[in-house]
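A short write-up of the structure that comes next.
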Amino acid sequence: MSLSAHDLVQLQTQLQDAAISCTERCLYQSAKWAAELLTSLPSSETDGSDTEVNSPMSDGRPPQTPDRLPKDPIETRLEACESHKYLLAKTYFDCREYDRCAAVFLPSTLPKGSIIPSSSPSTKTKTAAKGKAKAGTPSKAKLTFESVQGLSQKSLFLALYAKYIAGEKRKDEDSEMILGPQDGGVTTNKELVGISAILEEWFTYLPTSGRQPQGWLEYLYGIVLAKGKNEAAATEYFIQSVHQYPYNWGAWQELSSLVGTVEELNHVAPSLPQNIMTYIFHIYTSQELYQSTEQIHNQLNQVLGIFPTSTFLKTQRALLYYHTKDFDEAECIFSNLLITDPHRIDSLDNYSNILYVMGMRPKLAFLAQLATTTDKFRPETCCVVGNYYSLKSEHEKAVMYFRRALTLDRNFLSAWTLMGHEFVEMKNTHAAIESYRRAVDVNRKDYRAWYGLGQTYEVLEMHSYALFYHQRAAALRPYDPKMWMAVGQCFGKVNKCMNGIRAYKRALVAGSYYDAGAGSSFGSQEGAGLGGGILDPEVLYQIALLYERLNDMQECAAYMELTLAQEEGPEDGEYSGMPGEPMGVGVTPTTSKARLWLARWEYMRGMFQRAMELANELCQDGVEVEDAKALVRDIRARIEREKDDGRSDAVTDGSRRVRNRG
Amino acid sequence: MAISRYLTPQKISLLVLVNLYCDSVPTSSATIPILSFILSHLVPLVSSNARSTHSAVYQNVGFSIQAFEDVLLGHASTMPGRTVLDVFLRRMWEINSFDALHDLFSNLGELLMRTREDAEREAAAGVVHPVDQIFLSRTSPLGAFIRRARLEFTRLQFHDAMKLWSAFISYRAPTAQWTRRIAPLASTGVDAIVADMGMKENDPLFEVAYGHLEGEDITEQVISADDFDRMLEFQLDQLQRLGCRVPDEMRKQLRTMLGPSGVVLRQSHLVKFFDAWKAGDYTSAFDNLHRYYDYAMQTREKIHYQYALLHMAILQADFGCFGESIAAINETITTARENQDMTCLNFSLSWLNHLTKAYPKELKRAGYIGMLGSEREGLLFLKSKAKETKMYNLLGATLLNEAKLCLATGESIPRAFEYMYQASHLNIRENINIYGSQMLLESTLYSRLGIVHISSVHCELLLHCYKGSAPIDEQIRAIGRCAFIASQSGRYDDALALLESIPLSTHRSLKFHQYIYHCTGLIKLRRAIRRTNWAAVDQLLLKLTPDSSTDPELTFLLTEARLSSLIQRGRHPEAFSLIESLAQELKDTNADILQRVSMLITKANLFAKVGNAERGFSVALRAASIAFKARLMPSLWQAIGLLANILNAIGEFAAAGKLLDAVIPQSLEHGDLSLCATLYAFQADCSMGLAGQDDPSTSNGQRRRAVNVNKAEYYIDRARECYKRVEDIEGECEQLCKKAILAKLRGDEQLAEEWAQNYLATWNAARERIGEEVV
């Protein structure tokens, strides 16, 4: 995908405008995102980067504004009227005096928080606001709205946004300690009701007022609705918002967080505008949904063609590799990102996860050092440090740092999950469950937290309960054998053997889907480095055991044989690996167990020769030697006896009969 | 930026060295030097008996990496062809990433003695240790060090650990060029990870991670709070033991170290307090003392309260506020009793005792009534207390005080010696380091006995052998005493040079400065009196007016000098009234017997001067008898001289001659030339008197007269010689005059004229010199 020069200039203008507009509305992250993207465009011929800004050649105009975007005349007029007040409000916001900022434009008599905080605000919003308006002072509410009516959308957005932020801040403050009694769900953002009431009025009034919507207020309303768990409406408003102003990345991000599955994404997709932002959104959301297909990679390549140096897009690429467990590739990308932009801390927590899984402790230490030098009070930094301590098995310290990350940002997903892992290591299952639960509450798409929850419940021997979580995890990561194995194991534990077998078989399928897996973030390196065509012997063995429980001995034996076969790997030809290199997994405890089982099975079936062979192999491998030797002795005895029996059959026939009678 | 609590790059390097030692890298011959090097940096400075001499050699806490080279370079390791330094540096540079530093600390546990569980686990895991691996006991100094280091590292926050790492990098940096062997290791730069990523210096990534290393002040990085504690403790030790001030450059260093760190340690207030105190800065001394104890309270060390009061009392007394001082010390005693702190109690009692003796007048004025009954009882009480609580320091000091008391009251000298030797024995047995005061006392004792030689030897002994450990106060006193002895034999310039040789830094302490100033002034005053330079005398007397803060002993000497100046200038009534009042005062305050005898002698001398020697007979006789009883030999000789003079006056020349014959040899030995001159002059008078008694009519008588006159002339010459050496102009002129008269008596007019000329010449020369001096 390549753009014409005109399109490129157009895009530049749009992004530039986006950065400015977002800054004007104090949406700093979105502004940062837009500006980053803007600079990652290759410098075009038109912007005259060769000439210096101050040289007489340039005509005093900034070189990167080829043409201004058309403005809404009404809004422009309103903005001009209140420009002084706007400046005041903006500076207040920048000084983090949110309430003061809001008070510049809004009267102080806004309806305050709902009476029943635990109820979902979305449904209550209308009734509460209306109820209040009716019961209390209708004239006042009216007055409130009228005062809002005369504001430009920019000022209104800034005021309401400041109110929202102030509410969030207060909510965080009320939550007190991480995992304390006040933390999690108890406190709410008390400003939501007021904001929602104003916006609702605004939107009902919109069609008649003759004003053009700009997309910002829709974005804010979407946020408020999403906070109130009114997700369908929120999605609608976000879609409206991105239609009206596509370059607000925040709106896209919020939208993405509302999309829980691929189906939903496909459902939303047609109603989105057709532009580059939608494209990027699609990539981003797919990444968040762990959809790292060839197609997504291709899309990413195309977008990268336009923004060749975008760190954001590169990070997406790295994360895609990370999801497919291609850690080397992901590590390489992150490493290069680090070199090009050493002060960048965004997504370093993901990088640290990668390093953790790869066991690259020195590099993780260096990363932690680097991040701490840049800013030690960023949640990402704290996560990196926490990961480092976790790798050093200093779990208390790790928890301390994850806690710090959460104090800095309560919605920082990876810290919740990682803290859950640490609590599991420290055998503090209740804290672990709470941490995982919070992670899931923040982002329902975090399979690691679901999986962690399942694991923790398994530790507590609550298998049917754990099953639910493992299924959620497996749904999120259908191609991760580990998830399916967990599901299978749970099924086995609750005596649903057939379901278990099916789950394990899914695991086998998923395992063969990935070319090269390398464990997961749980640190267990089982199944690492399985070559193509190799099936996980552990899974096979588990399937066999389940069949054994179903008394389907034939199937069981077949799977045992299959397990054993993985030692050698597949026959040459189909998966022609390097000749001479062993393709299989070699002797592992699992295959040895399978071998022992088979030996006993053969012994029971009377196939002493094969049983003997297997048992001797066991002795050679040096695994389960005691059992194997005992078995060998038994087999010898049986063989001897059979020989004896064969020889003395005739002789002893009579006496045996006598004895039997006796 | 906060400083670290304990860990520093030096400590890391020491850990590396301990690692080497445990791996038996150094050869056995190198083991002891290396171990002592490590320990010298770990063991606390508090000087126990065994190490007291060692602690004087103070180890710099912020030692550079160079120190390691100095120690390690000379020793071979068990690896052939490599010095320990090579191996050490190799290990140092193998710490090539932050993670490696973590590993260093997490592997420290391996160095400790295996517990049984460890052993079992290792046996199960099949770990085999090399035979020469050394395991450290957990309680050994090295074991404790390792455990502490491990603990402190665990306590570190991540960014503090990072700070430590950067400090370590800059600390290690100079060694990169030291040997060829580590070149490949060092070439990867400070961090292997960065090198792996293909980064070099000046790349942006490198700059972010290590860019701050460049311009940073290293000193603040390499000092930990623990080191600071050690350092300040050392400073305090020095301040308290020697009573000096913090040297200028040290102060600057301390300020640069403490300043930017923002950490204020309690001890630093104490150091400031002592410094201000010694500098004579009363207000800031108080300020700092209060600040220190306020912070001490904060850490709930209630025990400090009585010590705060004690310090306050000493400080008040030092600045002459005796009323406040008494109040403070009384409260100290009460508090110490309440808290059952015998050490503090006994010390305060001892100090109070010292104070009453040193400043009786001022204390009386401040309304102090003896707390311990009589002095002797007080000392006995203290002695028994000290024995009870085994406070040998106090016991030694009390014994010396008893000896002093013996001397002051003129009791038997052997007893004083006995006490002194007891103290000395204690000193050696318990190593309580009271050599300074003991030497000074001994020197005083011998000078009272008139054996100046031994007296000065003791002073020099103190100065040469115990300079490091004796308080500066005592050193200055010793120097002062040496100077006085020199001035007695007329070596004024030597004396002044001796005083001037005291290092300038000592003058920074107000008390010392005053003492030295007064000593110098006194010697100059004495010389001026002898030279009859009255302008200078007036000037000096004005400057040297003693006040309550001056040393009592010096006050007395100054008054004595003032008296002699009055007498010499013929202002006899003034002198008489001064003597009377002084004698009364001395009697009231129960002063040292030496001073009282000296007053008697001066009085007798005054009578002699006004030509009424007989009136001083009883006074002189009393002085002589007291001096004899108390073995105050120089006073005795003076008194005898005066007695002889009286005898001369009443014509008992033979008896006078006998008396003088008896004392002159001893006084010659004593070396006080002024005394000798006087005695010789009296002897000459006595000879002349004898000559006058001889009957000139008989040939025998004539011969005897000639002999006596010759004798007289001989004695006059001796006296003149002595006077000349002490630069006593009047004395010298008097003798010249006498010589002229003798010549005239003999009828040798020309010779008489010559002597008269000589007289004039000497007198004029003296005048001229005074004129020059004034100019």
Condition met for B:Ala706 (within 52 Å of the chain's Cα centre (by Cα) and among the small types (Gly, Ala, Ser)): no
Filtered residues of region A:421-441 (kept if closer than 26 Å to A:Ala226 by Cα, buried (at least 18 other Cβ atoms within 10 Å of the Cβ) and not basic (Lys, Arg)): A:Ile433, A:Glu434, A:Ser435, A:Tyr436, A:Ala439, A:Val440
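Name the residues in region A:363-386 that are among the β-branched types (Val, Ile, Thr), closer than 12 Å to B:Phe158 by Cα and facing another protein chain (nearest Cβ under 8 Å), would you?
Looking only at region A:363-386, we keep the residues that are among the β-branched types (Val, Ile, Thr), and these are A:372-374, A:381, A:384-385.
Next, only the ones that are closer than 12 Å to B:Phe158 by Cα stay: A:372-373, A:381, A:384-385.
Listed by number, the residues that qualify are A:Thr372, A:Thr373, A:Val385.
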Matching option when the condition is part of a helix (DSSP H, G or I), modelled with pLDDT of 90 or more, within 34 Å of the chain's Cα centre (by Cα) and buried (at least 18 other Cβ atoms within 10 Å of the Cβ), among A:Ala89, A:Ala19, A:Ala35: A:Ala19
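Return yes or no: is B:Glu375 under 30 Å from B:Ala627 (Cβ atoms), touching a helix residue (DSSP H, G or I) at 6+ places or on another chain (Cβ under 8 Å) and modelled with pLDDT under 80?
yes
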Residues that are at pLDDT below 80 and either β-branched (Val, Ile, Thr) or loosely packed, with under 14 Cβ neighbours inside 10 Å (or both), drawn from region A:68-86: A:Arg68, A:Leu69, A:Pro70, A:Lys71
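Taking helices (runs of 4 or more DSSP H) that fall entirely within region B:71-177, which contain at least 1 residues that are farther than 27 Å from B:Ser224 by Cβ and either touching a Lys or Arg at 6+ places or on another chain (Cβ under 9 Å) or modelled with pLDDT under 80 (or both)? Outline the logic, then answer.
Numbers: elements: B:84-94, B:98-106, B:116-125, B:141-155, B:158-172.
Correct list: B:84-94, B:116-125.
So, A:Asp634, is that one more than 50 Å from the chain's Cα centre (by Cα) and modelled with pLDDT under 75 or not?
Working: more than 50 Å from the chain's Cα centre (by Cα): yes; modelled with pLDDT under 75: no.
Answer is no for this residue.
Output the residues belonging to region A:600-622 that are among the hydrophobic types (A, V, I, L, M, F, W, C) and assigned to a helix (DSSP H, G or I). It would help to see each step written out before you state the result.
Pass one, region A:600-622, residues among the hydrophobic types (A, V, I, L, M, F, W, C): A:601, A:604, A:607-608, A:611-612, A:614-615, A:618-619.
If the condition is that a residue be among the hydrophobic types (A, V, I, L, M, F, W, C) and assigned to a helix (DSSP H, G or I), then A:Trp601, A:Met604, A:Phe608, A:Ala611, A:Met612, A:Leu614, A:Ala615, A:Leu618, A:Cys619 are the ones that fit.
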Count of region A:256-296 residues which are more than 20 Å from A:Glu236 (Cα to Cα) and surrounded by fewer than 16 Cβ atoms within 10 Å (Cβ to Cβ): 3
Failed item, numbered, when B:Ile741 is tested on (1) farther than 26 Å from B:Ile529 by Cβ; (2) surrounded by fewer than 16 Cβ atoms within 10 Å (Cβ to Cβ); (3) over 49 Å from the mean Cα position of the chain (by Cα): (1)
Helices (runs of 4 or more DSSP H) fully within region B:557-673 counting 2 or more residues that are surrounded by fewer than 16 Cβ atoms within 10 Å (Cβ to Cβ): B:572-588, B:617-629, B:653-670
Residue match in region A:513-532 (condition: of a type in the set (Gly, Ala, Ser), surrounded by fewer than 21 Cβ atoms within 10 Å (Cβ to Cβ), modelled with pLDDT of 75 or more and closer than 30 Å to A:Ser435 by Cα): no
Search result, residues across region A:304-327 that are surrounded by fewer than 19 Cβ atoms within 10 Å (Cβ to Cβ) and of a type in the set (A, V, I, L, M): A:Leu304
Unique match (being farther than 30 Å from A:Thr187 by Cα, part of a helix (DSSP H, G or I) and acidic (Asp, Glu)) among A:Glu263, A:Glu236, A:Glu254: A:Glu263
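Answer yes or no: is there a residue in region A:174-197 that is in a helix (DSSP H, G or I), within 26 Å of the chain's Cα centre (by Cα) and under 26 Å from A:Leu258 (Cβ atoms).
At the first step, the residues of region A:174-197 found to be in a helix (DSSP H, G or I) are A:174-175, A:192-197.
Restricting the remaining residues to those that are within 26 Å of the chain's Cα centre (by Cα) gives A:175.
Okay, now just the ones that are also under 26 Å from A:Leu258 (Cβ atoms), so A:175.
Yes.
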Among residues of region A:387-420, those that are facing chain B (nearest Cβ under 9 Å), buried (at least 24 other Cβ atoms within 10 Å of the Cβ) and either over 19 Å from B:Ile193 (Cα atoms) or not aromatic (Phe, Trp, Tyr) (or both), counted: 1
Output for region A:321-359, where each listed residue is within 9 Å of another protein chain (Cβ to nearest Cβ) and either aromatic (Phe, Trp, Tyr) or not in a helix (DSSP H, G or I) (or both): A:Asp341, A:Pro342, A:His343
Hits in region B:515-553 (condition: modelled with pLDDT under 85 and under 22 Å from B:Leu463 (Cβ atoms)): B:Asp551, B:Glu553
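Here is a list: B:Ser469, B:Ser447, B:Ser424, B:Ser456. Which entry is closer than 23 Å to B:Tyr392 by Cβ and in a helix (DSSP H, G or I)?
Values: B:Ser469 fails: in a helix (DSSP H, G or I); B:Ser447 fails: closer than 23 Å to B:Tyr392 by Cβ; B:Ser456 fails: closer than 23 Å to B:Tyr392 by Cβ.
So the residue among B:Ser469, B:Ser447, B:Ser424, B:Ser456 that is closer than 23 Å to B:Tyr392 by Cβ and in a helix (DSSP H, G or I) is B:Ser424.
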Test: B:Leu352 is outside any loop (DSSP other than H, G, I, E, B), more than 19 Å from B:Leu510 (Cβ to Cβ) and modelled with pLDDT under 75: no
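The values are calculated or read from the model by the stated rules, or taken from the named source; none is laboratory data. As the structure is a prediction and not an experimental result, all values here were calculated from the model. Neighbour counts run over all protein chains shown; Cβ positions are idealised from the backbone, glycine included.
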